[in-house]
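Right, one structure below, let's go through it.
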Amino acid sequence: MPKPLDLVLDLYGCPNRCLHCWIGHMPNRRMRDGDDRFIVDFFRPYRLLQLVTGAGLLRRLPGTVGEGLASVGQRGPEAVRTGEFLAYPYVPFLREVGVRGVQLTFFGLETLTDRYVGRKGTFRELLQATELLLAHRIAPRWQAFINEENKDELVELLRLSETLQLRERCEAFGEEFRFFVHEGSCDGENRKLYGIRICKGDVPAELKPYYLDFDRLASEREWVERLWDDFSHVTFHNVDRIVLQISNRFDVYFNFFEMSERWKIGNLKTDAPDELVRRVAEEDVPALCVARNRTVGELAGQYGDPHSERLFARGDYEEYLLNLCLYDQSIPV
Ligand code: SF4
């Protein structure tokens, strides 16, 4: 059966340099007119892939707030419809098309948020976006990435949301304001923040009620203890649909993980189309070959730190271990 195929293109680059960007930083280079058509036509002849949505946008456009589509995992373009990607000019229309909430990302107050996003003025934009959304009866959702550096400031961010009465103002038009905190994955640029990853005992008590799935998290030490004899493998699989991320150099990746060399499927300009589509259909990329050959227990034994109190969800921790293995040049692929 053909699987629906979504293509997500890096048409314009991104004005930000977020320190948590899981797809990884890439040079900004605007694609040329006709490149999108070339990419869509590349896949059009293949009947095992059913091209359903044409092309979406991979990274953020200037004048937008929120995440590029790649930042919302397997859901791809659906993120626009559910409000995880916000373009200012479209705010008045969002409510009309049924969007009830829009997610905005913080890393603390002004200085930290601007620094983590890599662009001065971001924090003020987020506050302006909050007001704009409220004015159009759309609930802002404030998500905050927590680490050892910003944990106390996130308490102040929570207090700011209370001072601005965001909960009450959303309730006034029948929607719910959400404030939530999480540690994020540990891939892409975020991998470089491992050294300040939040430790289990350091999450401020005020934030715990707002922490996503806190009960399902464990310290790295606990995961190493639990996983050392685990014979499963880190798996990624396109179940119902395939989402491909395409860089401005025409490199192709699944949207499982970061856009780095060992996750690359191929290149639309230099690889033979039949071979590239075979790799897509068979999920044949170097990183997944490594994943199939190493058990989670082996990865935990070789790369896990049994003394670390850093906090992880199980899936994020397994992916972090796999990535350490992928960056270990002594491991042949
Ligand atoms: S996380 Fe999104 S907005 Fe930030 S640098 Fe990456 S693509 Fe750009």
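Throughout, read-outs are computed from the coordinates displayed, never taken from laboratory work. Quick caveat, the model's predicted, so the values are computed rather than measured. Positions of Cβ are generated from backbone atoms using ideal geometry, with glycine treated the same way; all protein chains shown enter the neighbour counts.
A compact table of results
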read-out	value
Virtual spin-label span in nm between Arg17 and Asp41, 7 Å along Cα→Cβ	3.7 nm
Segment Arg100-Arg137, length gained on full extension (0.36 nm per residue, minus Cα span)	12.6 nm
Simple label model, 7 Å out from Cα along Cβ direction - Ile196 to Arg124, nm	2.3 nm
Potential extension, Lys208-His307 segment - 0.36 nm per residue separation minus Cα distance	33.3 nm
For the chain, calculated [θ]222 nm from helices alone, where every DSSP H run of n ≥ 4 adds -39500 (n - 2.57)	-9000 deg cm²/dmol
